[in-house]
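Below is one structure, written out as structure tokens, with a few remarks after it.
Bear in mind these aren't lab numbers, they're just calculated from the coordinates by the rules spelled out. Computed from a predicted structure; not experimentally measured. Every residue, glycine among them, receives a Cβ derived from its backbone with ideal geometry; neighbour counts consider all protein chains shown.
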Amino acid sequence: MSIFEKFKKGFKKSAENISSGFREILVKKEIDDNSLDKIEEFLISSDVGVDAASEIRFILSQEKIDPNLDLVKEINKILKNYITSNMRVLEKKDFFKISTNLNVTLVAGVNGSGKTTTIGKIAKIFKENNNKVILSASDTFRAAAIEQLENWANKIGVNLIKSHQGSDPASVAYKAMDFAKENKFNQLIIDTAGRLQNKKNLMEEYKKIANVVKKIDQAAPNEVILVLDATSGQNIISQVEEFNKIIPITGLVMTKLDGTAKGGILLALSKRYKIPIIGLGLGEKEDDLQVFDAEKFADAFTQIN
């Protein structure tokens, strides 16, 4: 299955939701102020966000669309162009390239977001690009998280530094950082405890990990990735806000996009935070993390081709 086919399959629910919503609004086959208002309201309800919905409404109001054409298809073309032009700057395809020095990636996310699975998928892509990869099991609050990451390490054939459940997360990260430096690894991915962004003590533990790796390398962590569950809807906005306060986020991974009809939340995030998008989770298999491509995302979201 090609990358676009995976994108298309993953965004099927979102695309069907958008197109069916437009068709219900445009029953009279005309675009007037009333239908523009309804389109804007519908886009907001689809988690596209107020800013993006307002801009799309304005663009549609300026376009002269032939009423004899398929209006839904024409609007989707405009939406596709809007998405592509706005989100192309958020591509970060060089994230996965081979690194000449040790590159330290800290991965955060609330419980259930698919964080640990995403780490395994990122590590697989790193390895395929000839990186020497090591993982740090610093989610020590759950034995299942350590075991899950160990399973991923074994499956894709990369090293893992771990400790027992309940041990200090920062100490595990420190050991992994020290080992990676000594053994000339060039990609270290640090798992952190799945946590709610409103749990102050857990967020302090998260910050402590970043401070500890800085003792070995002032530039670390080089990347801070936040994994988000697309089915969480608007709660994603508060997650980004709170995590970004602790350590500035350098990239996002959105998971479970194949399980929601509200993939528009990615567009809302892009308008509000301008944070690069590393990849999109479109399934459970190890190859189901797709490197973000704005045009392919726009194609899949509108599915007019």
Any chance you could give the angle, 0 to 90 degrees and rounded to 10, that helix 143-156 forms with the longest Cα principal axis of the chain?
-> 80 degrees
Beyond 21 Å, what percent of the Cα pairs of the range 222-305 remain?
-> 25 percent
Counting only residues 5 or more apart in sequence or on a different chain, those whose built amide H sits under 5 Å from that of Asp229 are Thr255
Radius 13 Å from Cβ of Ile134, net charge of other residues (Lys, Arg +1; Asp, Glu -1) = +2
What percent does the relative contact order of the chain come to when contacts are Cα pairs within less than 8 Å and at least six residues apart?
-> 29 percent
If you plug each phi of the range 167-184 into the Karplus form 6.51 cos²θ - 1.76 cosθ + 1.60 with θ = phi - 60°, what whole-Hz ³J(HN,Hα) values come out, in order, with x for Gly and Pro?
-> 6, 5, x, 5, 5, 5, 4, 5, 4, 5, 5, 4, 5, 4, 5, 5, 9, 6
Would you grab the residues whose amide H sits under 5 Å from the one on Gln187? Only those 5+ places off in sequence or on another chain, please, with H modelled 1.01 Å from N.
-> Asn103, Lys132, Ile134
Sort 234-241, 26-33 for me by packing, meaning the mean count of neighbouring Cβ atoms within 10 Å per residue, highest on top.
-> 234-241, 26-33
Lys and Arg at +1, Asp and Glu at -1: neighbours of Gly233 with Cβ under 9 Å from its Cβ sum to 0
Label selected from [x] 142; [y] 155; [z] 118, the criterion being volume of the Cα convex hull per residue in Å³ as computed here = [z]
